[in-house]
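**Q** Quick one: the structure is below, and I'll ask about it shortly.
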Amino acid sequence: MGGNTSLVRQGPGVITGRLLGRLDRLGLADSLVRVAAKTGTNALPRRMAGLGLELSKIALGKSTIAPEPSDRRFANRAWTENPAFRRIGQSYLAWSKTTLDLVEDAHLDWRTGERGRLAASLLTSTLAPTNLLPLNPDAVIRAYESGGKSIAAGVANIGRDIRTNHGMPRTADPDAFQVGRNLAVTPGSVVFRNDVCELLQYAPMTGAVRTTPMVLVPPQINKYYFMDLAPGRSFVEYAVRQGLQMFLVSWRNPTVEHRDWNLDTYVAGVKEALHAVTEITGSPTVNTVALCAGGITTAGLLGHLAATQESLINAATFAVTLLDFSVPTMIGLFGSQPIIANTLKQARRRGLLPAHESAALFCMLRPNDLIWNYWVGSNLLGARPPAFDVLSWNADPTRLAAGLHADFLDMFANNSLAQGTFSVLGSPVDLSAVTCDSFVVAARTDHLTNWKACYATTQLLGGSSQFALSRSGHIQSLVNPPGNPKMSVSLGPAPGPDPDQWLAEAASVPGSWWEPWAEWALPRSGEERPAPSCLGSKRHPAIEPAPGRYVLAA
(Lines give C-alpha, C1' and ligand atoms only; values in the text may rest on other atoms or scores of the structure.)
Protein backbone atom coordinates (compact mmCIF):
# COMPACT_ATOMS: atom_id res chain seq x y z
CA MET A 1 0.00 0.00 0.00
CA GLY A 2 2.87 2.39 0.82
CA GLY A 3 4.32 2.09 -2.70
CA ASN A 4 0.92 2.75 -4.26
CA THR A 5 0.43 5.81 -2.06
CA SER A 6 3.84 7.12 -3.09
CA LEU A 7 2.95 6.78 -6.77
CA VAL A 8 -0.29 8.71 -6.27
CA ARG A 9 1.61 11.40 -4.37
CA GLN A 10 4.17 11.70 -7.14
CA GLY A 11 1.56 11.77 -9.91
CA PRO A 12 1.22 15.58 -10.00
CA GLY A 13 4.94 15.68 -10.75
CA VAL A 14 4.35 13.74 -13.97
CA ILE A 15 1.79 16.26 -15.18
CA THR A 16 3.74 19.24 -13.85
CA GLY A 17 6.86 18.09 -15.68
CA ARG A 18 4.94 17.90 -18.95
CA LEU A 19 3.48 21.36 -18.40
CA LEU A 20 6.79 22.92 -17.37
CA GLY A 21 8.38 21.39 -20.44
CA ARG A 22 6.23 23.73 -22.51
CA LEU A 23 7.03 26.89 -20.55
CA ASP A 24 9.92 28.12 -22.70
CA ARG A 25 8.00 27.33 -25.88
CA LEU A 26 5.18 29.61 -24.71
CA GLY A 27 7.43 32.22 -23.17
CA LEU A 28 5.91 31.73 -19.73
CA ALA A 29 9.24 31.50 -17.93
CA ASP A 30 10.31 34.77 -19.53
CA SER A 31 7.08 36.41 -18.39
CA LEU A 32 7.78 35.40 -14.78
CA VAL A 33 11.28 36.87 -15.04
CA ARG A 34 9.73 40.14 -16.22
CA VAL A 35 7.26 40.08 -13.35
CA ALA A 36 10.14 39.65 -10.91
CA ALA A 37 12.11 42.48 -12.50
CA LYS A 38 9.14 44.86 -12.38
CA THR A 39 8.09 44.05 -8.82
CA GLY A 40 11.41 43.32 -7.11
CA THR A 41 12.07 46.78 -5.62
CA ASN A 42 8.57 47.84 -4.59
CA ALA A 43 5.62 45.52 -4.97
CA LEU A 44 7.41 42.29 -4.03
CA PRO A 45 8.55 43.42 -0.55
CA ARG A 46 5.13 44.91 0.11
CA ARG A 47 3.28 41.80 -1.03
CA MET A 48 5.59 39.49 0.93
CA ALA A 49 5.07 41.55 4.05
CA GLY A 50 1.34 41.29 3.55
CA LEU A 51 1.63 37.54 3.02
CA GLY A 52 3.67 37.18 6.21
CA LEU A 53 1.04 39.09 8.19
CA GLU A 54 -1.75 36.92 6.76
CA LEU A 55 0.17 33.73 7.56
CA SER A 56 0.53 34.93 11.15
CA LYS A 57 -3.23 35.42 11.37
CA ILE A 58 -3.75 31.96 9.93
CA ALA A 59 -1.44 30.38 12.49
CA LEU A 60 -3.37 32.12 15.29
CA GLY A 61 -6.72 31.07 13.84
CA LYS A 62 -7.77 34.68 13.23
CA SER A 63 -7.69 34.83 9.42
CA THR A 64 -10.92 35.37 7.49
CA ILE A 65 -9.50 34.38 4.11
CA ALA A 66 -11.79 31.87 2.38
CA PRO A 67 -12.12 30.28 -1.05
CA GLU A 68 -14.52 31.68 -3.60
CA PRO A 69 -17.96 30.02 -3.37
CA SER A 70 -17.43 28.67 -6.89
CA ASP A 71 -14.11 26.97 -5.97
CA ARG A 72 -15.18 23.34 -5.73
CA ARG A 73 -11.73 22.19 -4.55
CA PHE A 74 -12.50 23.30 -0.99
CA ALA A 75 -16.12 22.19 -0.73
CA ASN A 76 -15.46 19.52 1.90
CA ARG A 77 -16.37 20.66 5.43
CA ALA A 78 -12.92 19.68 6.67
CA TRP A 79 -11.50 22.82 5.06
CA THR A 80 -13.53 24.96 7.46
CA GLU A 81 -14.12 22.70 10.47
CA ASN A 82 -10.80 20.89 10.89
CA PRO A 83 -8.14 23.27 12.33
CA ALA A 84 -5.25 21.65 10.45
CA PHE A 85 -6.99 21.51 7.08
CA ARG A 86 -8.32 25.05 7.56
CA ARG A 87 -4.82 26.41 8.12
CA ILE A 88 -3.40 24.47 5.18
CA GLY A 89 -6.17 25.73 2.87
CA GLN A 90 -5.94 29.33 4.06
CA SER A 91 -2.13 29.35 3.71
CA TYR A 92 -2.44 28.10 0.14
CA LEU A 93 -5.11 30.68 -0.71
CA ALA A 94 -3.03 33.52 0.77
CA TRP A 95 0.10 32.48 -1.16
CA SER A 96 -1.90 31.92 -4.37
CA LYS A 97 -3.50 35.37 -4.16
CA THR A 98 -0.13 37.02 -3.54
CA THR A 99 1.37 35.28 -6.57
CA LEU A 100 -1.46 36.39 -8.86
CA ASP A 101 -1.41 39.93 -7.41
CA LEU A 102 2.29 40.27 -8.23
CA VAL A 103 1.54 39.67 -11.91
CA GLU A 104 -0.98 42.50 -11.87
CA ASP A 105 1.46 44.74 -9.98
CA ALA A 106 3.99 44.37 -12.80
CA HIS A 107 1.76 46.29 -15.29
CA LEU A 108 3.17 44.44 -18.28
CA ASP A 109 1.97 44.83 -21.87
CA TRP A 110 -1.16 42.78 -22.42
CA ARG A 111 0.45 39.86 -24.24
CA THR A 112 3.22 39.44 -21.64
CA GLY A 113 0.64 40.00 -18.90
CA GLU A 114 -1.51 37.17 -20.27
CA ARG A 115 1.51 34.87 -20.28
CA GLY A 116 2.34 35.94 -16.74
CA ARG A 117 -1.19 35.23 -15.57
CA LEU A 118 -1.10 31.85 -17.28
CA ALA A 119 2.25 30.97 -15.70
CA ALA A 120 1.00 32.02 -12.26
CA SER A 121 -2.22 30.07 -12.78
CA LEU A 122 -0.29 26.92 -13.73
CA LEU A 123 1.99 27.31 -10.73
CA THR A 124 -0.72 27.95 -8.15
CA SER A 125 -3.11 25.31 -9.48
CA THR A 126 -0.37 22.68 -9.56
CA LEU A 127 0.66 23.33 -5.95
CA ALA A 128 -2.87 23.19 -4.54
CA PRO A 129 -3.03 20.87 -1.51
CA THR A 130 -6.11 19.19 -2.97
CA ASN A 131 -3.88 17.58 -5.62
CA LEU A 132 -2.12 15.43 -2.98
CA LEU A 133 -3.72 12.36 -1.45
CA PRO A 134 -2.81 13.03 2.23
CA LEU A 135 -4.01 16.64 1.97
CA ASN A 136 -7.29 15.97 0.17
CA PRO A 137 -10.00 15.09 2.72
CA ASP A 138 -12.29 13.65 0.05
CA ALA A 139 -9.53 11.29 -1.08
CA VAL A 140 -8.62 10.32 2.50
CA ILE A 141 -12.26 9.52 3.33
CA ARG A 142 -12.70 7.55 0.09
CA ALA A 143 -9.55 5.52 0.79
CA TYR A 144 -10.75 4.71 4.31
CA GLU A 145 -14.28 3.79 3.26
CA SER A 146 -13.10 1.63 0.36
CA GLY A 147 -10.44 -0.15 2.34
CA GLY A 148 -7.74 1.22 0.05
CA LYS A 149 -9.45 0.13 -3.17
CA SER A 150 -9.71 3.75 -4.35
CA ILE A 151 -5.93 4.10 -4.09
CA ALA A 152 -5.40 0.94 -6.11
CA ALA A 153 -7.87 2.18 -8.74
CA GLY A 154 -6.11 5.56 -8.83
CA VAL A 155 -2.73 3.93 -9.39
CA ALA A 156 -4.23 1.87 -12.22
CA ASN A 157 -5.71 5.03 -13.73
CA ILE A 158 -2.33 6.78 -13.57
CA GLY A 159 -0.67 3.86 -15.34
CA ARG A 160 -3.40 3.84 -17.99
CA ASP A 161 -3.03 7.58 -18.58
CA ILE A 162 0.75 7.32 -18.92
CA ARG A 163 0.36 4.49 -21.44
CA THR A 164 -2.54 5.86 -23.47
CA ASN A 165 -2.94 9.60 -22.81
CA HIS A 166 0.60 11.00 -22.59
CA GLY A 167 0.33 11.22 -18.79
CA MET A 168 -2.62 13.60 -18.77
CA PRO A 169 -5.73 12.53 -16.81
CA ARG A 170 -8.60 11.33 -18.94
CA THR A 171 -11.56 13.71 -19.00
CA ALA A 172 -14.17 11.32 -20.37
CA ASP A 173 -15.16 7.68 -20.32
CA PRO A 174 -13.82 6.37 -23.66
CA ASP A 175 -16.50 3.67 -23.83
CA ALA A 176 -19.59 5.83 -23.22
CA PHE A 177 -19.92 7.48 -26.62
CA GLN A 178 -19.15 6.61 -30.20
CA VAL A 179 -19.41 8.80 -33.28
CA GLY A 180 -22.18 7.51 -35.48
CA ARG A 181 -23.77 5.50 -32.65
CA ASN A 182 -24.81 8.10 -30.06
CA LEU A 183 -22.90 11.15 -31.32
CA ALA A 184 -23.27 12.79 -34.75
CA VAL A 185 -26.43 10.85 -35.56
CA THR A 186 -28.52 13.44 -37.43
CA PRO A 187 -29.48 11.62 -40.66
CA GLY A 188 -27.51 12.67 -43.72
CA SER A 189 -25.01 11.63 -46.34
CA VAL A 190 -21.57 12.52 -47.65
CA VAL A 191 -22.25 14.13 -51.02
CA PHE A 192 -18.79 15.48 -51.85
CA ARG A 193 -15.21 14.71 -50.86
CA ASN A 194 -11.85 16.23 -51.71
CA ASP A 195 -8.42 15.83 -50.09
CA VAL A 196 -9.19 18.45 -47.42
CA CYS A 197 -12.79 17.88 -46.43
CA GLU A 198 -16.01 15.96 -46.82
CA LEU A 199 -19.34 17.70 -47.37
CA LEU A 200 -22.30 16.31 -45.44
CA GLN A 201 -25.88 17.01 -46.50
CA TYR A 202 -28.59 16.42 -43.91
CA ALA A 203 -31.98 14.89 -44.63
CA PRO A 204 -34.88 17.37 -44.37
CA MET A 205 -37.24 17.08 -41.40
CA THR A 206 -39.91 19.41 -42.78
CA GLY A 207 -42.11 19.21 -45.84
CA ALA A 208 -40.73 22.46 -47.21
CA VAL A 209 -37.22 23.91 -47.11
CA ARG A 210 -35.67 27.28 -47.84
CA THR A 211 -34.07 27.72 -51.23
CA THR A 212 -30.74 29.17 -50.04
CA PRO A 213 -28.76 26.42 -48.27
CA MET A 214 -26.84 26.80 -45.01
CA VAL A 215 -23.26 25.46 -44.72
CA LEU A 216 -21.52 25.00 -41.37
CA VAL A 217 -17.72 25.47 -41.32
CA PRO A 218 -16.20 24.13 -38.08
CA PRO A 219 -12.69 24.83 -36.73
CA GLN A 220 -9.81 22.75 -38.07
CA ILE A 221 -8.55 22.30 -34.50
CA ASN A 222 -11.51 20.12 -33.49
CA LYS A 223 -13.82 17.59 -35.10
CA TYR A 224 -17.14 18.99 -36.21
CA TYR A 225 -19.52 16.89 -34.14
CA PHE A 226 -19.69 19.15 -31.10
CA MET A 227 -22.38 20.86 -33.21
CA ASP A 228 -24.14 17.53 -33.73
CA LEU A 229 -24.20 15.86 -30.34
CA ALA A 230 -27.12 13.80 -29.06
CA PRO A 231 -30.62 14.54 -30.39
CA GLY A 232 -31.98 17.61 -28.64
CA ARG A 233 -28.43 18.96 -28.16
CA SER A 234 -27.52 19.26 -31.84
CA PHE A 235 -27.30 22.60 -33.62
CA VAL A 236 -27.41 20.73 -36.93
CA GLU A 237 -30.67 19.03 -35.96
CA TYR A 238 -32.10 22.36 -34.75
CA ALA A 239 -31.25 24.08 -38.05
CA VAL A 240 -32.76 21.26 -40.11
CA ARG A 241 -35.97 21.46 -38.05
CA GLN A 242 -36.21 25.16 -38.95
CA GLY A 243 -36.62 24.16 -42.61
CA LEU A 244 -33.06 25.02 -43.64
CA GLN A 245 -31.20 22.95 -46.22
CA MET A 246 -28.25 22.06 -44.01
CA PHE A 247 -24.76 21.12 -45.15
CA LEU A 248 -21.59 20.73 -43.10
CA VAL A 249 -17.86 20.66 -43.80
CA SER A 250 -16.02 17.79 -42.08
CA TRP A 251 -12.25 18.33 -42.14
CA ARG A 252 -9.74 15.62 -42.81
CA ASN A 253 -7.34 15.00 -39.91
CA PRO A 254 -3.96 15.88 -41.46
CA THR A 255 -0.84 13.72 -41.23
CA VAL A 256 2.81 14.55 -41.82
CA GLU A 257 2.36 14.23 -45.58
CA HIS A 258 -0.03 17.22 -45.40
CA ARG A 259 2.52 19.46 -43.66
CA ASP A 260 2.22 22.15 -46.38
CA TRP A 261 -1.55 22.58 -46.08
CA ASN A 262 -2.08 26.25 -45.27
CA LEU A 263 -5.01 28.63 -45.18
CA ASP A 264 -5.07 28.73 -48.99
CA THR A 265 -5.46 24.94 -49.00
CA TYR A 266 -8.43 25.04 -46.64
CA VAL A 267 -10.09 28.01 -48.34
CA ALA A 268 -9.78 26.31 -51.71
CA GLY A 269 -11.27 23.13 -50.24
CA VAL A 270 -14.25 25.02 -48.77
CA LYS A 271 -14.81 26.98 -51.97
CA GLU A 272 -14.96 23.73 -53.94
CA ALA A 273 -17.41 22.31 -51.41
CA LEU A 274 -19.64 25.42 -51.60
CA HIS A 275 -19.80 25.13 -55.38
CA ALA A 276 -20.94 21.53 -54.89
CA VAL A 277 -23.69 22.83 -52.59
CA THR A 278 -24.91 25.30 -55.23
CA GLU A 279 -24.98 22.53 -57.84
CA ILE A 280 -26.91 20.17 -55.57
CA THR A 281 -29.49 22.75 -54.47
CA GLY A 282 -29.73 24.86 -57.60
CA SER A 283 -29.14 27.99 -55.51
CA PRO A 284 -26.57 30.46 -56.88
CA THR A 285 -25.44 31.38 -53.35
CA VAL A 286 -25.15 29.85 -49.89
CA ASN A 287 -25.25 31.08 -46.30
CA THR A 288 -22.49 30.07 -43.90
CA VAL A 289 -22.16 29.41 -40.16
CA ALA A 290 -18.50 29.48 -39.17
CA LEU A 291 -17.09 28.66 -35.75
CA CYS A 292 -13.81 29.75 -34.15
CA ALA A 293 -10.93 28.96 -36.56
CA GLY A 294 -13.53 28.00 -39.17
CA GLY A 295 -14.54 31.66 -39.02
CA ILE A 296 -11.00 32.71 -39.93
CA THR A 297 -11.16 30.36 -42.91
CA THR A 298 -14.55 31.72 -43.97
CA ALA A 299 -13.40 35.33 -43.55
CA GLY A 300 -10.43 34.58 -45.78
CA LEU A 301 -12.77 33.12 -48.39
CA LEU A 302 -15.09 36.12 -48.14
CA GLY A 303 -12.14 38.47 -48.67
CA HIS A 304 -11.04 36.48 -51.70
CA LEU A 305 -14.57 36.48 -53.15
CA ALA A 306 -14.84 40.23 -52.63
CA ALA A 307 -11.53 40.79 -54.41
CA THR A 308 -12.54 38.59 -57.36
CA GLN A 309 -16.12 39.95 -57.36
CA GLU A 310 -17.67 36.49 -56.99
CA SER A 311 -21.13 36.20 -55.47
CA LEU A 312 -21.07 32.88 -53.65
CA ILE A 313 -21.92 33.68 -50.00
CA ASN A 314 -25.17 35.51 -49.34
CA ALA A 315 -24.95 35.91 -45.53
CA ALA A 316 -22.39 34.82 -42.96
CA THR A 317 -22.50 33.87 -39.28
CA PHE A 318 -19.38 34.03 -37.11
CA ALA A 319 -19.47 32.38 -33.68
CA VAL A 320 -16.67 32.84 -31.09
CA THR A 321 -14.37 33.91 -33.93
CA LEU A 322 -11.36 36.21 -33.65
CA LEU A 323 -10.48 38.24 -36.71
CA ASP A 324 -8.95 41.27 -34.99
CA PHE A 325 -6.04 40.14 -32.79
CA SER A 326 -5.21 43.64 -31.56
CA VAL A 327 -7.95 43.34 -28.92
CA PRO A 328 -6.58 41.76 -25.71
CA THR A 329 -7.66 38.15 -25.27
CA MET A 330 -6.08 35.05 -23.75
CA ILE A 331 -5.37 33.32 -27.04
CA GLY A 332 -3.45 36.41 -28.14
CA LEU A 333 -0.68 35.51 -25.67
CA PHE A 334 0.83 33.34 -28.42
CA GLY A 335 1.45 36.37 -30.63
CA SER A 336 5.04 37.24 -29.70
CA GLN A 337 7.93 36.88 -32.12
CA PRO A 338 10.08 34.54 -29.93
CA ILE A 339 7.14 32.20 -29.38
CA ILE A 340 6.25 32.23 -33.04
CA ALA A 341 9.84 31.61 -34.14
CA ASN A 342 10.18 28.67 -31.75
CA THR A 343 6.77 27.25 -32.63
CA LEU A 344 7.41 27.52 -36.37
CA LYS A 345 10.76 25.79 -35.96
CA GLN A 346 9.05 22.91 -34.14
CA ALA A 347 6.17 22.77 -36.64
CA ARG A 348 8.45 22.67 -39.68
CA ARG A 349 10.60 19.99 -38.11
CA ARG A 350 7.65 17.72 -37.28
CA GLY A 351 5.26 18.76 -40.06
CA LEU A 352 2.29 19.27 -37.75
CA LEU A 353 1.13 20.04 -34.23
CA PRO A 354 0.22 16.66 -32.67
CA ALA A 355 -3.32 16.28 -31.38
CA HIS A 356 -2.30 15.55 -27.79
CA GLU A 357 -0.16 18.71 -27.67
CA SER A 358 -2.92 20.97 -28.94
CA ALA A 359 -5.32 19.39 -26.44
CA ALA A 360 -2.86 19.85 -23.56
CA LEU A 361 -2.25 23.43 -24.63
CA PHE A 362 -5.91 24.35 -24.34
CA CYS A 363 -6.18 22.47 -21.04
CA MET A 364 -3.32 24.59 -19.70
CA LEU A 365 -5.39 27.71 -20.21
CA ARG A 366 -7.84 26.46 -17.53
CA PRO A 367 -5.77 24.08 -15.42
CA ASN A 368 -8.08 23.78 -12.40
CA ASP A 369 -11.12 22.87 -14.52
CA LEU A 370 -9.48 20.88 -17.31
CA ILE A 371 -6.53 19.16 -15.62
CA TRP A 372 -6.56 18.97 -11.83
CA ASN A 373 -10.30 18.44 -11.52
CA TYR A 374 -9.88 15.19 -13.46
CA TRP A 375 -6.62 14.31 -11.74
CA VAL A 376 -8.40 14.35 -8.38
CA GLY A 377 -11.48 12.47 -9.56
CA SER A 378 -9.66 9.78 -11.50
CA ASN A 379 -6.39 9.34 -9.65
CA LEU A 380 -7.04 10.36 -6.05
CA LEU A 381 -10.64 9.18 -5.74
CA GLY A 382 -10.19 6.26 -8.12
CA ALA A 383 -13.35 7.07 -10.06
CA ARG A 384 -14.07 6.36 -13.70
CA PRO A 385 -13.96 9.40 -15.97
CA PRO A 386 -17.39 11.00 -16.45
CA ALA A 387 -19.68 9.95 -19.29
CA PHE A 388 -20.57 13.27 -20.92
CA ASP A 389 -20.91 13.93 -24.63
CA VAL A 390 -19.01 17.25 -24.77
CA LEU A 391 -16.13 15.80 -22.78
CA SER A 392 -15.96 12.81 -25.13
CA TRP A 393 -15.72 15.20 -28.07
CA ASN A 394 -13.07 17.25 -26.26
CA ALA A 395 -11.01 14.09 -25.79
CA ASP A 396 -11.03 13.49 -29.57
CA PRO A 397 -8.69 16.27 -30.82
CA THR A 398 -7.16 16.72 -34.26
CA ARG A 399 -3.72 17.53 -35.58
CA LEU A 400 -2.83 20.90 -37.11
CA ALA A 401 -0.80 21.06 -40.32
CA ALA A 402 2.39 23.13 -40.08
CA GLY A 403 1.36 25.40 -42.96
CA LEU A 404 -1.97 26.36 -41.39
CA HIS A 405 -0.32 26.69 -37.98
CA ALA A 406 2.14 29.19 -39.48
CA ASP A 407 -0.66 31.25 -41.05
CA PHE A 408 -2.57 31.39 -37.76
CA LEU A 409 0.56 32.50 -35.92
CA ASP A 410 1.12 35.26 -38.49
CA MET A 411 -2.37 36.56 -37.76
CA PHE A 412 -1.74 36.38 -34.01
CA ALA A 413 1.52 38.31 -34.24
CA ASN A 414 0.83 40.82 -37.01
CA ASN A 415 -2.97 41.06 -37.02
CA SER A 416 -2.54 40.59 -40.75
CA LEU A 417 -6.10 39.51 -41.56
CA ALA A 418 -7.69 42.56 -39.93
CA GLN A 419 -4.97 44.89 -41.22
CA GLY A 420 -5.52 43.80 -44.82
CA THR A 421 -1.95 42.55 -45.28
CA PHE A 422 -2.86 38.86 -45.61
CA SER A 423 -3.55 37.33 -49.03
CA VAL A 424 -5.78 34.35 -49.74
CA LEU A 425 -5.55 32.47 -53.05
CA GLY A 426 -3.56 35.38 -54.43
CA SER A 427 -6.11 38.02 -53.38
CA PRO A 428 -5.31 40.62 -50.69
CA VAL A 429 -8.04 40.36 -48.05
CA ASP A 430 -9.94 43.56 -47.34
CA LEU A 431 -12.69 42.63 -44.91
CA SER A 432 -14.35 46.03 -45.31
CA ALA A 433 -15.11 45.03 -48.90
CA VAL A 434 -17.23 42.11 -47.63
CA THR A 435 -20.75 43.53 -47.92
CA CYS A 436 -22.96 40.55 -47.08
CA ASP A 437 -25.03 40.62 -43.89
CA SER A 438 -23.42 38.99 -40.87
CA PHE A 439 -24.54 37.58 -37.52
CA VAL A 440 -21.77 37.64 -34.90
CA VAL A 441 -21.93 35.57 -31.70
CA ALA A 442 -19.67 35.87 -28.67
CA ALA A 443 -19.63 34.34 -25.19
CA ARG A 444 -19.55 36.50 -22.06
CA THR A 445 -17.25 34.22 -20.03
CA ASP A 446 -15.17 32.91 -22.94
CA HIS A 447 -11.61 32.26 -21.71
CA LEU A 448 -10.19 31.86 -25.24
CA THR A 449 -11.85 34.46 -27.43
CA ASN A 450 -12.77 37.47 -25.33
CA TRP A 451 -16.23 38.72 -26.26
CA LYS A 452 -15.00 42.24 -27.05
CA ALA A 453 -12.45 40.79 -29.46
CA CYS A 454 -15.24 38.83 -31.17
CA TYR A 455 -17.38 41.98 -31.22
CA ALA A 456 -14.64 43.69 -33.27
CA THR A 457 -15.69 41.51 -36.23
CA THR A 458 -18.82 43.67 -36.56
CA GLN A 459 -16.56 46.67 -37.22
CA LEU A 460 -14.31 44.92 -39.73
CA LEU A 461 -16.97 43.71 -42.16
CA GLY A 462 -18.56 46.11 -44.60
CA GLY A 463 -22.13 44.79 -44.49
CA SER A 464 -24.86 45.03 -41.88
CA SER A 465 -24.10 43.12 -38.67
CA GLN A 466 -26.18 41.81 -35.79
CA PHE A 467 -24.45 40.89 -32.55
CA ALA A 468 -25.52 38.37 -29.89
CA LEU A 469 -23.76 37.82 -26.57
CA SER A 470 -24.31 34.50 -24.81
CA ARG A 471 -23.76 34.45 -21.05
CA SER A 472 -21.74 31.22 -21.20
CA GLY A 473 -18.23 30.10 -22.17
CA HIS A 474 -16.45 29.17 -25.39
CA ILE A 475 -17.95 25.72 -26.05
CA GLN A 476 -20.98 25.99 -23.78
CA SER A 477 -22.18 28.96 -25.82
CA LEU A 478 -22.14 26.84 -28.98
CA VAL A 479 -23.64 23.68 -27.50
CA ASN A 480 -26.58 25.67 -26.24
CA PRO A 481 -30.01 24.28 -27.22
CA PRO A 482 -33.11 26.31 -26.39
CA GLY A 483 -34.93 25.50 -23.19
CA ASN A 484 -32.08 25.72 -20.67
CA PRO A 485 -33.41 27.99 -17.88
CA LYS A 486 -29.86 28.88 -16.80
CA MET A 487 -28.93 30.34 -20.17
CA SER A 488 -29.57 33.77 -21.63
CA VAL A 489 -28.42 35.91 -24.53
CA SER A 490 -28.00 39.69 -24.80
CA LEU A 491 -29.40 41.35 -27.90
CA GLY A 492 -29.12 45.01 -28.70
CA PRO A 493 -29.02 47.72 -31.34
CA ALA A 494 -26.87 47.74 -34.45
CA PRO A 495 -23.30 47.35 -33.14
CA GLY A 496 -21.27 50.55 -33.09
CA PRO A 497 -17.57 51.02 -32.34
CA ASP A 498 -17.90 50.76 -28.53
CA PRO A 499 -18.75 47.25 -27.21
CA ASP A 500 -19.42 48.55 -23.69
CA GLN A 501 -21.99 51.02 -25.02
CA TRP A 502 -23.63 48.24 -27.00
CA LEU A 503 -23.84 46.09 -23.86
CA ALA A 504 -25.31 48.98 -21.85
CA GLU A 505 -28.11 49.31 -24.41
CA ALA A 506 -28.65 45.56 -24.89
CA ALA A 507 -31.36 43.51 -23.23
CA SER A 508 -30.82 40.04 -21.81
CA VAL A 509 -33.45 37.48 -22.77
CA PRO A 510 -33.75 33.87 -21.57
CA GLY A 511 -32.65 31.12 -23.91
CA SER A 512 -30.05 30.41 -26.53
CA TRP A 513 -28.57 32.43 -29.38
CA TRP A 514 -29.84 29.67 -31.68
CA GLU A 515 -33.32 31.22 -31.57
CA PRO A 516 -32.47 34.83 -32.55
CA TRP A 517 -30.04 33.39 -35.08
CA ALA A 518 -32.86 31.40 -36.71
CA GLU A 519 -35.02 34.53 -36.78
CA TRP A 520 -32.16 36.32 -38.56
CA ALA A 521 -31.24 33.46 -40.89
CA LEU A 522 -34.66 32.41 -42.19
CA PRO A 523 -35.49 35.68 -44.00
CA ARG A 524 -32.04 35.49 -45.63
CA SER A 525 -32.55 31.91 -46.79
CA GLY A 526 -34.98 32.51 -49.62
CA GLU A 527 -38.48 31.28 -50.28
CA GLU A 528 -39.84 27.90 -49.31
CA ARG A 529 -39.96 25.00 -51.74
CA PRO A 530 -40.82 21.30 -51.39
CA ALA A 531 -38.12 19.38 -49.58
CA PRO A 532 -35.92 17.23 -51.84
CA SER A 533 -36.83 13.54 -51.92
CA CYS A 534 -33.20 12.39 -51.96
CA LEU A 535 -29.80 13.75 -51.01
CA GLY A 536 -27.11 14.85 -53.43
CA SER A 537 -27.51 15.16 -57.18
CA LYS A 538 -26.59 13.29 -60.33
CA ARG A 539 -23.24 15.08 -60.42
CA HIS A 540 -22.70 14.79 -56.67
CA PRO A 541 -24.51 11.63 -55.53
CA ALA A 542 -24.65 10.43 -51.93
CA ILE A 543 -21.39 8.57 -51.28
CA GLU A 544 -22.01 7.09 -47.85
CA PRO A 545 -24.10 7.87 -44.75
CA ALA A 546 -23.15 10.60 -42.31
CA PRO A 547 -20.99 11.07 -40.29
CA GLY A 548 -18.66 10.04 -43.10
CA ARG A 549 -15.10 8.80 -43.18
CA TYR A 550 -12.91 11.77 -42.26
CA VAL A 551 -14.36 12.34 -38.79
CA LEU A 552 -13.61 8.73 -37.80
CA ALA A 553 -9.92 8.89 -38.70
CA ALA A 554 -7.60 8.90 -35.68
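**Q** Pairs of alpha-carbon atoms within less than 8 angstrom and 6+ residues apart define the contacts here; what relative contact order does segment 409-554 have, in percent?
**A** RCO, segment 409-554: 16 percent.
**Q** Note the angle between two axes, namely the Cα long axis of helix 2-20 and the longest principal axis of the Cα atoms of the chain, as a number of degrees from 0 to 90, rounded to the nearest 10.
**A** Its long axis makes an angle of about 50 degrees.
**Q** Using a 10 Å cut-off on Cβ atoms, rank the peptides 421-432, 277-288, 233-244 from the highest mean neighbour count down.
**A** Packing proxy ranking, top to bottom: 233-244, 277-288, 421-432.
**Q** On to the next question. State which entries of LYS97/LYS149; LYS271/LYS486; LYS223/LYS345; LYS149/LYS223; LYS271/LYS452 exceed 31 angstrom in Cα-Cα distance in the structure shown.
**A** LYS97/LYS149; LYS271/LYS486; LYS149/LYS223
**Q** By how many degrees, between 0 and 90 and to the nearest 10, does the Cα long axis of helix 263-281 differ from the longest principal axis of the chain?
**A** Value to nearest ten degrees: 50.
**Q** Next question. What nm value, rounded to one decimal, do you get for the distance between SER56 and GLN476 when each label is placed 7 Å out toward the C-beta?
**A** 4.1
**Q** If I model a spin label as a point 7 Å beyond the Cα along the Cα-Cβ vector, how far apart are those points for ARG87 and GLN346 in nm?
**A** 4.2
**Q** What does a probe at SER464 reach in segment 292-324, counting residues whose amide N is under 14 Å from the point 7 Å along Cα→Cβ?
**A** Correct set: 315-316.
**Q** By how many nm would the segment from ALA387 to GLN178 lengthen if fully extended, with 0.36 nm per residue of separation less the alpha-carbon distance?
**A** 74.1 nm
**Q** Counting pairs of alpha carbon atoms under 8 Å apart in space and at least six apart in sequence, what relative contact order in percent does the chain give?
**A** Answer for the chain is 19 percent.
**Q** Suppose R0 equals 35 Å. What FRET efficiency, 1/(1 + (r/R0)^6) with r the Cβ-Cβ distance, do ALA230 and HIS107 give to the nearest 0.05?
**A** It comes out at approximately 0.15.
**Q** Something else: What length, rounded to one decimal in nm, is gained on full extension from ARG160 through to ALA553, with 0.36 nm per residue of separation minus their alpha-carbon distance?
**A** Computed gain between ARG160 and ALA553 is 139.3 nm.
**Q** May I ask for the angle, rounded to the nearest 10°, between helix 28-39 and the longest principal axis of the chain, with both axes built from Cα atoms and the value confined to 0 to 90°?
**A** Orientation of helix 28-39: about 60 degrees from the principal axis.
**Q** Continuing with the same structure: Hey, what's the chain come to in accessible area per residue, 1.4 Å probe, Å²?
**A** With the other protein chains kept in place, the chain gives 41 Å² per residue.
**Q** Magnitude of the Cβ-charge dipole of segment 304-409, K/R +1 and D/E -1, about the Cα centre, nearest 20 debye?
**A** With only Lys, Arg, Asp and Glu charged at Cβ, the dipole is about 460 debye.
**Q** Multiplying the sequence separation of THR206 and THR421 by 0.36 nm and subtracting their Cα-Cα distance, what value in nm do you get?
**A** Length gained, THR206 through THR421: 72.9 nm.
**Q** Also, I was wondering about something else. If I compute solvent accessible area with a 1.4 Å probe over the protein chains, what percent of it on the chain is carbon and sulfur?
**A** 54
The values are calculated or read from the model by the stated rules, or taken from the named source; none is laboratory data. None of these values were measured; they are calculated from a predicted model. Here Cβ is always computed from backbone atoms with ideal geometry, including for glycine, and neighbour counts include all displayed protein chains. Side chains included, ligands, DNA and RNA excluded: accessible areas come from the protein's heavy atoms. Shrake-Rupley method; radii C 1.70, N 1.55, O 1.52, S 1.80 Å.
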